[in-house]
Amino acid sequence: MKKLLNELIQLQELYFAQEEHKVAGEEEQLNELELAIETLSKQLPAKTAGYFQQLQRRDPPAIAPVVNQTCYGCGINLPTSLSAELFRFDTLYQCPNCARFLYPYQGPKLTLHDPMLQHKLPRLGIEKFSSEKLMLARLQAEDGPGAISEIAHLISGQLFFPDPQILIDKALKREAIMPTAMDHALAFPHVRGVDAGCLTLALGLKPKGIKFGAAKNRLTKIFFFIVIPISASAFYLKLLAGLVETFQSAEARNTLLECEDPALLWKTLKKLTSKYIR
Ligand SMILES: [Zn+2]
């Protein structure tokens, strides 16, 4: 049963990646993801695979983690007996309310605390997700894992999140499924499944560029690192779409890359994204 659950979680990750690349309009990766979804689906029991696709079409995600007896698909509190049974891994369980497949979340608690983000209301546009404290105008790192680590440490330090390694491991695991590097020197490394907090974005720049898995070996210069709570999956896709729209323009990218300190970078990011992120 554990194997089946892991396959379903993996399938869900592929669907998430597919949504992200659809938003960015990247054909090549989409074909690759489609094939991976098809291959993995064929390995599953036919009934399970069919039902998974049905759920995924209706209201993704099709499989949700259970944290502290709560279904993270719909937010309902599950009966104590069901929460306990999940840990026996002998049957595939579904939420009695939303019908999603369930798995017990066994990782560390990933709560982000940001007193500043909570107090400065009302906030508009990109300010809902980020702040000057999360801007890295010049990354020191010279490779992809280094860039992820550097930004994760910034998020961790600024948001009082005790263990950056959790962010690093989760982000690298996601990159292994399909690089989040897109066209136009952009990349969107991210971490899903935080069990509280809000959608959070940090930005790191490397004007010289880093190899991050983009098509045709192109270099990545602009890294948007995003932490996505389960409840914010839909907002995340909107944020991603807004960022892709904004930075399709070479002029916008160059303006951003010229910023050499966090204050100017934050001011510029707010200004550039105001049209597409509201
Ligand atoms: Zn549910």
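Per-residue ellipticity at 222 nm for the chain, helices alone: DSSP H runs ≥ 4 residues times -39500 (n - 2.57), over residue total, nearest 500 deg cm²/dmol?
About -14500 deg cm²/dmol.
Near Lys47, which lysines are there with a Cα under 23 Å away, not counting those fewer than 8 places off in the same chain?
Leaving aside lysines fewer than 8 places away in the same chain, those within reach of Lys47 are Lys2, Lys3.
In terms of solvent-accessible area of protein heavy atoms at a 1.4 angstrom probe, what is the ranking of Val23, Val244, highest value first?
Final ranking, largest accessible area leading: Val23, Val244.
Of Ala17, Ala241, Ala250, which is the most mobile in a GNM of the chain whose springs link Cα atoms less than 10 angstrom apart?
Ala250
For segment 153-232, which whole percent of the accessible surface, found with a 1.4 angstrom probe, sits on carbon and sulfur atoms?
Roughly 58 percent of what the probe reaches on segment 153-232 is carbon or sulfur.
By per-residue mean of other Cβ atoms within 10 Å, what is the highest-first order of 89-95, 74-80?
89-95, 74-80
Give the residue list of trypsin sites (Lys or Arg not before Pro) in segment 1-109 that are DSSP loop and have at most 10 other beta-carbon atoms within 10 angstrom.
Qualifying residues, ordered by number: Arg88.
Which one of Ala176, Ala152, Ala202 has the biggest mean-square fluctuation once the chain is modelled by GNM with Cα springs under 10 Å?
Judging by the Gaussian network model, the answer is Ala176.
Given a 1.4 angstrom probe, what's the average accessible area per residue across segment 1-68, in square angstrom?
Heavy-atom SASA per residue in segment 1-68 reads 54 Å².
Note down the nm distance, to one decimal, between modelled labels 7 Å out along Cα→Cβ at Leu124 and at Leu40.
Going by the 7 Å Cα→Cβ label model, 4.0 nm.
If you take every DSSP beta bridge fully contained in the chain, what fraction is antiparallel? Give it as a percent rounded to 5.
Percentage antiparallel, nearest 5: 50.
With the contact rule set at Cα under 8 Å and sequence spacing of 6 or more, what percent relative contact order holds for segment 140-278?
20 percent
Just flag the GluC sites (Glu not before Pro) in segment 123-228 sitting in loop per DSSP whose Cβ has no more than 16 other Cβ atoms within 10 Å.
Glu142
Once amide H atoms are placed 1.01 Å from N in the peptide plane, what residues at a sequence separation of 5 or more from Arg138, or on another chain, have their amide H within under 5 Å of its amide H?
Long-range HN contacts for Arg138: Leu205.
Could you identify which residue out of Ala215, Ala185, Ala46 has the top mean-square fluctuation in a GNM of the chain using Cα springs shorter than 10 Å?
Per the Cα network of the chain with a 10 Å cutoff, Ala46 tops the list.
Round to a whole angstrom and tell me the spacing of the C-alpha centers of segment 53-73 and segment 28-51.
Cα centroid to Cα centroid, the span is 18 Å.
Points 7 angstrom from Cα along the Cβ direction at Leu30 and Ala176: gap in nanometres?
Computed distance between label sites Leu30 and Ala176 equals 2.8 nm.
Report the trypsin sites (Lys or Arg not before Pro) located in segment 119-219 that are in a DSSP loop and have at most 16 other Cβ atoms inside 10 Å of their Cβ, or state none.
Of the trypsin sites (Lys or Arg not before Pro), the ones in loops of segment 119-219 whose Cβ has at most 16 other Cβ atoms within 10 Å are Lys120, Arg123, Arg138, Arg218.
Evaluate the distance, in nm, between pseudo-label points positioned 7 Å from the Cα of Ile76 and of Lys208 along their respective Cα→Cβ axes.
Distance between the two pseudo-spin positions: 5.5 nm.
Take Asn97, project a point 7 Å from its Cα along the Cβ direction, then tell me which residues of segment 35-79 have their backbone nitrogen under 11 Å from it.
Flagged as within label range: 70-79.
The values are calculated or read from the model by the stated rules, or taken from the named source; none is laboratory data. Worth saying up front: this structure is predicted, and the values here are computed from it rather than measured. Cβ coordinates were reconstructed from backbone atoms using ideal geometry, including for glycine residues, and neighbour counts include every protein chain displayed. Surface accessibility is based on the protein's heavy atoms, side chains included, excluding ligands, DNA and RNA. Shrake-Rupley method; radii C 1.70, N 1.55, O 1.52, S 1.80 Å.
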